[in-house]
Each structure stands twice: as structure tokens, then as C-alpha cells.
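Asker: This is the structure I have questions about; it appears just below.
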């Protein structure tokens, strides 16, 4: 058949045209749970992304154009739940291959539109110092300009990949590595390295790690620690998976540490 009958009912029974519109009208709390955002934030994203989204044309089997708002809702619901694209094909009454293309392209647009404004790495000493001020005020951690860690994102092993993505947790994954400020906001993101690498290995291969090693991040010069005459560099803090470097601070290794080292590890954590 050219068009499955269920897809012909997209406007009458699809989640975007029925369920989501009902949530917008009558239940803001459930709208937030459905898309992980308020309708005001959703509308703002539609407005920001529409110029880029309209350059890509998608049609259902009935030849009816799939609007930017519907594509965004489909993508956000997918990101919020992690359900299969087949299930979204049924829920939104759109072909599976169309769902796949919409999610991929909409994610690309969201990154292109939002990244320059919301995931923007500091570019000069004053911006780094501002981050350090927040860490000192909120976390009592002087000279700290970011907290770094890696996250294994579970995947199905790609065909022919062997053990490339196999990690110490005995699953297959890619690694999301991020640097956050004192308010838990992403400053720098690197994603895509294979799960078999350690956090230290991922850092060394990332553009951020190479810039840190080469000294091209425009970090501020060292300064005296509060209440002392000891000068110390500005540092990123990480766990024991990261190497100790001039601008990378990690915990003392081992157990049964002296009190001073144990307290230091607690404060760094």
C-alpha cells in the first residue's frame, strides 16, 4: 500500500495534533512531563529553530507537510524517553524512516541554533575568573574554573565494531565528556569517543584536552590562595580517572589517608 491507513489519521489521532494540544490547553504540568519543558519554552524553541527547520521539507504519506513544531515535539519526546523510533512512528502517525530523518536533522538544527549562546566556552581571562568567583562563593573552592567528568552513554554495538565500544562496565558505549561551571551548566562538551577509553584517554584526544595541554585556552595567571601567600594556578577539578597537571586537580590516591588529605579529597569531591 502507498500509505498505511493509520498514517492517514495523523491530524485526527497523532500525538502532536491531539494529546499535545490538549496538554497545552488544560494541563501545563503534564506538558512539562511530556516534553521536559513548558509550553513557553517550547514555543521559544520553535521560534528560534523555524528558519532552519523550514529549509528541510518533510511530508507524511498523505503529502501533508510536517510542521517545524511537530518535528520539534517528536524530537524532544524522543530525547525525553529514549523509546524506539518505531514506537514514535505509531504515536505520531509518521513513517519510521521519516521519524529517523526528523530526529537527526532537528537535533542538528538545535545544536546549530543554541550552542553559540548556551554552550559557549570562555574565551578570555575575565570570563574564566568569573567562573572561579562562582566556585569560590558557592563551593568554597578557590581557583576552580570548571568541574570535568565523563559519562558512558549506552549503545548497541555497531556492526563489525568488535570490542571498540566495550567498556569496563561490560556494556557498549560512547563517552560524553563535559566541563561544568558552579551552577551545573555545561561550558565545554565532547561526545563520541568509544567507551573502551578511560576518561583520561578521552580528555587527551579531545580538542579541549589538547588546547589545555598546549596552553591555548587563555587561562588566567596563577594567584595567591585566599588568606595565604601561596600562589596557585587556576584548575579544573576531576576524579581519580584524570591525570594530575598544572591546570588539572585530582584527589590524592589510595585509602586510609591522613586527615588533611582525606578532607582535601572530600572538598574536591
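Computed from the coordinates by the stated procedures, all read-outs in this text should not be read as laboratory data. Note that the coordinates shown come from a computational prediction; the quantities given were computed from them, not determined experimentally. Ideal geometry is used to build each Cβ from the backbone, glycine not excepted, and the neighbour counts take in all protein chains shown.
Asker: Would you report the distance distribution of C-alpha pairs in the chain as whole percents per 5 angstrom bin, up to the bin with the largest distance?
Answerer: Spelled out per bin, shortest first, that is 1, 5, 10, 12, 13, 12, 12, 11, 9, 7, 4, 3, 1, 1, 0, 0.
Asker: Note the full-extension length gain between residue 37 and residue 97 as 0.36 nm times their separation in residues minus their Cα-Cα distance, in nm to one decimal.
Answerer: Answer, rounded to one decimal: 19.0 nm.
Asker: Once fully extended, how much extra length lies between residue 86 and residue 232, figured as 0.36 nm per residue of separation less the alpha-carbon to alpha-carbon distance?
Answerer: Length gained, residue 86 through residue 232: 47.1 nm.
Asker: Please order 118, 78 by the number of other Cβ within 10 Å, starting at the fewest.
Answerer: Ascending Cβ contact count within 10 Å gives the list 118, 78.
Asker: Between residue 186 and residue 8, what FRET efficiency follows from the Cβ-Cβ distance if R0 is 30 Å, with the result rounded to 0.05?
Answerer: The computed FRET efficiency comes out at 0.10.
Asker: Using Cα centres only, tell me the gap between the stretch 248-266 and the stretch 151-201 in whole Å.
Answerer: 26
Asker: If you don't mind, there's one more thing I want to ask. Fewest Cβ neighbours within 10 Å first, please rank 37, 74, 177, 248 accordingly.
Answerer: Arranged by neighbour count, lowest to highest, 37, 74, 177, 248 become 37, 248, 177, 74.
Asker: What residue among 129, 120, 169 shows peak mean-square fluctuation when the chain is described by a Gaussian network model with Cα springs under 10 Å?
Answerer: 169
Asker: Compute the orientation-averaged projected area for the stretch 1-144 from the convex hull of its Cα atoms and round it to one decimal in nm².
Answerer: If I average the Cα hull's projected area over directions, I get 11.2 nm².
Asker: Also, quick follow-up: Multiply the residue gap between residue 244 and residue 225 by 0.36 nm, knock off their C-alpha separation, and tell me the result in nm, one decimal place.
Answerer: Length gained between residue 244 and residue 225: 4.9 nm.
Asker: With each label point set 7 Å from Cα along the Cα-Cβ vector, what nm distance links residue 266 and residue 170?
Answerer: With each label placed 7 Å out from Cα toward Cβ, I get 3.4 nm.
Asker: Moving on. For the stretch 125-268, build the convex hull from the C-alpha positions and give me its volume per residue in Å³.
Answerer: Value for the stretch 125-268: 121 Å³ per residue.
Asker: Could I have the simple spin-label model distance between residue 48 and residue 114, label points 7 Å from Cα toward Cβ, reported in nm to one decimal?
Answerer: 0.7
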